[in-house]
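See below for the structure under consideration.
The values are calculated or read from the model by the stated rules, or taken from the named source; none is laboratory data. Small disclaimer: the values here were computed from a predicted structure and weren't measured. Heads up, the Cβs are rebuilt from the backbone with ideal geometry, glycines too, and the neighbour counts pull from every protein chain shown.
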Amino acid sequence: MDAQAWDQRYAASELVWSQEPNQFVAAELADLSPGTAVDLGAGEGRNAIWLASRGWSATAVDFSHVALDKGARLAGDLSLEGRLTWTCADATRWAPEEPVDLVVVAYLQLPADDRRRAVRGAFAMLRTGGTLLLVGHDSTNLAEGTGGPQDPSVLMTAEDVLADLDGLEVRVVRAERVAREVRSADEHGGEERRTAWDCLVRVVRAA
């Protein structure tokens, strides 16, 4: 899907994603001391906004200017504008001018070659000791979970992501499949709970 298609999708509703940060982003990063961060493939910037609310100086990068404009308006309403930068660019090729302390890549679902370029590029943004956190729809979600992309070529496992980082000075903090509960209305007007499977990779740049 190209930038124009995503622009149309973001323009069609008030918020495509929730205003709250991704649950794994919030859980994994809550204890980190604020510094500089990049939210790569940020969409409407929910994770960047959460980081900024916790004192980070964050840059949200996405190729949809409609999504970024919506995020900027939301950040303005929350009085966070001074802590956020909104950059319209290709997340697989963009790079900051200076190394950063944290890069978040949440649900950037790409074919393997593009994913590898994005993951290695994200890692290259880090200063020594910086953290890369990636969360994505796991390959097993197609058969065992619910929702998410139905194209297996854009799904991944933690092992795939670690292979993308092969040859780099990486310290692995966490790399595994994780469960995410999804709630939806059932046919009787109640609530149905299902499990979606994600992959989570948290690494630190060792050198």
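Out of curiosity, is Arg115 at pLDDT below 95, among the basic types (Lys, Arg), under 20 Å from Gly148 (Cβ atoms) and within 17 Å of the chain's Cα centre (by Cα)?
Against the criterion (at pLDDT below 95, among the basic types (Lys, Arg), under 20 Å from Gly148 (Cβ atoms) and within 17 Å of the chain's Cα centre (by Cα)), Arg115 does not qualify.
Could you please tell me which pairs satisfy a Cβ distance under 6 Å, a separation of 6+ or placement on different chains, a first residue in region 174-200 that is more than 13 Å from Thr140 (Cβ to Cβ) and in a strand (DSSP E or B), and a second residue that is at pLDDT 85 or above and among the polar types (S, T, N, Q)?
Within 6 Å, the pairs are Val182/Thr146; Arg194/Thr146.
Being among the hydrophobic types (A, V, I, L, M, F, W, C) and under 12 Å from the mean Cα position of the chain (by Cα) is the filter here, so list the residues in region 38-81 that pass it.
Val38, Leu40, Ala42, Ala48, Ala60, Val61
Of the numbered conditions (1) under 17 Å from the mean Cα position of the chain (by Cα); (2) of a type in the set (S, T, N, Q); (3) surrounded by fewer than 20 Cβ atoms within 10 Å (Cβ to Cβ), Thr131 fails exactly one; give the number of that condition.
Thr131 satisfies every listed condition except (3).
Pick from Leu126, Leu108: which is touching a residue at least 60 places away in the same chain (Cβ under 8 Å), surrounded by 19 or more Cβ atoms within 10 Å (Cβ to Cβ) and farther than 21 Å from Ala207 by Cβ?
Unique residue meeting the criteria: Leu108.
Which helices (runs of 4 or more DSSP H) sit wholly inside region 49-162 and have at least 3 residues that are under 28 Å from Asp31 (Cβ atoms)?
By residue number, 65-77, 112-124.
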